[in-house]
1. If r is the Cβ-Cβ distance from Trp129 to Thr70 and R0 is 41 Å, what FRET efficiency results, to the nearest 0.05?
2. Can you list the HN-Hα couplings for the stretch 99-113, worked out from phi with the Karplus curve (6.51, -1.76, 1.60; θ = phi - 60°), rounded to whole Hz and with x for Gly and Pro?
3. Could you run the Karplus curve 6.51 cos²θ - 1.76 cosθ + 1.60 with θ = phi - 60° over the stretch 158-172 and give me ³J(HN,Hα) per residue in whole Hz, x for Gly and Pro?
4. Please give the solvent-accessible surface of Trp129 in Å², to the nearest 10, using a probe radius of 1.4 Å with every protein chain present.
5. Which stretch or stretches of the stretch 159-181 have amide N atoms under 12 Å from the point lying 7 Å from Lys208's Cα along the Cα→Cβ direction?
6. Could you rank Val125, Val172, Val158 by how accessible they are, 1.4 Å probe, largest area first?
7. Just by accessible area at a 1.4 angstrom probe, what is the order of Tyr169, Tyr159 from largest to smallest?
8. Name the long-range amide H neighbours of Val101: under 5 Å, sequence gap of 5 or more, or other chain; modelled H, no Pro or chain starts.
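The values are calculated or read from the model by the stated rules, or taken from the named source; none is laboratory data. As the structure is a computational prediction, the values presented were derived from the model and not from experiment. Reconstructed Cβ throughout: ideal geometry from the backbone, glycine too, with neighbour counts over all protein chains shown. The protein model used for the area step is the full one, side chains on, heavy atoms only, and it has no ligands, DNA or RNA in it. Shrake-Rupley method; radii C 1.70, N 1.55, O 1.52, S 1.80 Å.
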Amino acid sequence: MRGKYWPVSLTVVFLILGLLLSLQFRTQRLLASSLEAQKTEDLVAMWKNLSSKRSQLQGEIAQLQQQLFTLKTGSGQDSDAETALEKELARLQISTGLSPVKGPGITVTITGDAPLLYEDLVDIVNELWASGAEAIAINDHRIGAFTAIADKEEGSRVYITIDGQKLLYPIVIKAIGDPHTLEKGLTFTGGLIENLNNMFNIYPDIKKEQDLQLPGTSLPRWQYAKPLPPDKQAPKQSQAK
């Protein structure tokens, strides 16, 4: 980025400025040493010439100062842009579940005597998302866009799995967000938890928390999907007003 090279440009500017000032000082010293041997007409001409050179040097110095200001300003813009990109990257990493996060929220604990199906677990997760959860994990499995919740049969028993891994009881769901809002999203009258209580005898234990910590996850490896070049992408359709 341009901001990474501005110290080098700044050094060059100062070197040029130093050379110009040194040249002006040397000229003045030579002039002073020979003034006594000069005629009046020559002194007047020399003064005019020196005045012209001084004006020229002042113009060059002003130009260099402007370039220095431009370099500093450009560096600041690049720095601001880099900071903005870093913030956007951090936001995307949190949104996709790549970064570990912490914050207030709730825990939902379901014990092994509950006849829980994977569809019930999906419903709880979706209800938490709808209630404003910003991050969710189940037994320290971070839930992201590519998380698969399903079931697996082993003999006469059926297990719930997350991304193919068996989910052991107790099942602890952690959700970061406003604790009060998340709790009300699950427990309002006629809501999901009431239905689990009355229809399936499932009684999750819900607790408000002030310091939850959720791990990060990783994105899958793409084998078939490839990014479409910009010139091949379909134009966005304008929304009807």
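1. Numbers: r = 48 Å, r/R0 = 1.17.
That pair, Trp129 with Thr70, gives E of 0.30.
2. 9, x, 9, 9, x, x, x, 9, 10, 10, 10, 10, 7, x, 7
3. For the stretch 158-172, the Karplus-derived couplings read 10, 10, 8, 10, 10, 6, x, 9, 5, 9, 8, 8, x, 8, 10 Hz, x marking Gly and Pro.
4. Taking all protein chains as shown, Trp129 has close to 100 Å².
5. Answer for the stretch 159-181: 178-181.
6. Working: Val125 10, Val172 40, Val158 90 Å².
If we order Val125, Val172, Val158 from most to least accessible, we get Val158, Val172, Val125.
7. Working: Tyr169 90, Tyr159 50 Å².
So the residues, ranked largest to smallest area, are Tyr169, Tyr159.
8. Leu214
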